[in-house]
Amino acid sequence: MKSADVGSLKTLLSSPQKIVIIPHKNPDGDAIGAALALNFYLQATGHSSVVIAPNDYPQFLKWMPGTNEVINFEKHNDTAVKSLETATVIFTVDFNELSRIGHMEEAVKNASATFVMVDHHHSPAAYASIMYSDVTMSSTCEMIFHMIAALGGIELISEDMANCLYAGIVTDTGSFKYASTTGKTHRVVATLIDKGAQNSEIHKNIFDTNTASRLHLLGCALKNMVILPEFRTAYITLSQEELDTHQFKKGDTEGFVNYGLTLESIRFAVIFIENKEERIIKISFRSEGNFSVNEFARSYFEGGGHTNAAGGKSNKSMEETVHYFRSLLEQHKNALLA
Ligand code: 5GP
Ligand code: MN
């Protein structure tokens, strides 16, 4: 974090503030872990703070300390809007453009608070007065750790905070296997374990909570996988009907997209998931090497993210979306085969 921003943040937090912390829509372990850990830190340093999530998140994250106090903007709209209106400071964590919070965008745009962004995605928008934006970081949770350290608060990191931050780092590094995992990440994680993070328990909570219906849905997804060796690409589709047949619950498709990349020759993996209620096809993109799925998602599917992991959406039908996607591959062939 730049020393000028540390200075501004110290000044901002030098007197008690009314603070709202916001993760992105469909929060993952990194977004919710960062929000909860920051919430504990701010409360421990004399502020009044709450976490408002744009919508619900998967059950496998609900063991996290502080999860019961999270306000769901969709369910408790009045309370959420009031908190946003009276907030003096708003932290946005793990996203960098306000369109990423869905229906919450309007209420947040109208807030008169000072905005602080903590995020590791590309191309940050300019809505925050204090920006801690670093694309080299493994996760927003790692950044929250560095931010707390810069504010002189390492001693205040409790077991609860350590559990939240560890969960976020594990989520975004694919259990420490992605290239974004650095020595620094491991040193942060070591400190978190020293502070009481129950590492083994957290892995179990996040990754070993399968239901039979989720495993059968995975079977369906893998059966649907289309492999295009000529583009080193593999994609999966899941229709609403297939989701319904397997009693789909939020979070059930987490990680499915990665299976394509486990094929030796595949560099680009995609999953298309139909959402009838929102009338969209939600898309996840993953790549290995230099092919930027951030740019691909941004150019063609109203999305973005990181070089090797991004998301987007389509308003067309599944068939049309897949057809459009396939039509784009030829012009990216050189990059995909490089
Ligand atoms: P996932 O595919 O796991 O949902 O997301 C992969 C990465 O892309 C995450 O860092 C996530 O925040 C980002 N992402 C997912 N969907 C979108 C989207 O619609 N727009 C943008 N800008 N980023 C997204
Ligand atoms: Mn993240």
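What follows is calculated from the coordinates using simple rules that are stated; it is not laboratory data. Keep in mind the model is a prediction, meaning the values are calculated, not measured. Every residue, glycine among them, receives a Cβ derived from its backbone with ideal geometry; neighbour counts consider all protein chains shown.
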Residue-wise HN-Hα coupling along segment 230-246, computed from phi with Karplus coefficients 6.51, -1.76, 1.60 (Hz; x: Gly, Pro): 5, 10, 6, 10, 9, 9, 10, 10, 9, 7, 4, 4, 5, 5, 4, 4, 9
Please find the FRET efficiency linking Lys10 to Asn290, where r is the Cβ-Cβ separation and R0 is fixed at 30 Å, and quote it to the nearest 0.05. 0.20
What order, most packed first, do the peptides 89-100, 264-275 have when packing is the mean number of other Cβ atoms within 10 Å of each residue? 89-100, 264-275
Positive dipole terminus of the chain, leading residue within Phe60, Ala34, Thr136 (C-beta point charges): Thr136
For segment 268-325 and segment 73-90, what is the centre-to-centre distance using only Cα atoms, to the nearest Å? 31 Å
Dipole of the chain, positive end: most advanced residue of Val322, Thr185, Ser213 [Cβ charges, Cα centre]: Thr185
What ranking, highest mean first, results for peptides 114-126, 62-74 when packing means the other Cβ atoms within 10 Å averaged over each residue? 114-126, 62-74
Subtracting the Cα-Cα distance from 0.36 nm times the residue separation, let me have the gained length for Lys109 to Val135 in nm, one decimal. 6.9 nm
The chain - convex hull of alpha carbons, volume per residue in Å³: 133 Å³
The extension gain from His332 to Val226, computed as 0.36 nm times the residue separation minus the Cα-Cα distance, is 36.4 nm
Computed FRET value (nearest 0.05) for Thr45 with Ala190, which takes r as the C-beta separation and R₀ as 30 Å: 0.80
Output wanted: per-residue J couplings in Hz (rounded whole) for segment 119-133, from phi through Karplus 6.51 cos²θ - 1.76 cosθ + 1.60, θ = phi - 60°, x for Gly and Pro. 6, 10, 9, 6, 6, x, 6, 9, 8, 9, 6, 10, 10, 10, 10
Residues Asn77 and Phe176, FRET efficiency given R0 of 51 Å [Cβ-Cβ distance, rounded to 0.05]: 0.85
Using θ = phi - 60° and the Karplus form 6.51 cos²θ - 1.76 cosθ + 1.60, what ³J(HN,Hα) does each residue of segment 330-338 get, whole Hz, x for Gly and Pro? 4, 6, 10, 4, 4, 5, 6, 9, 5
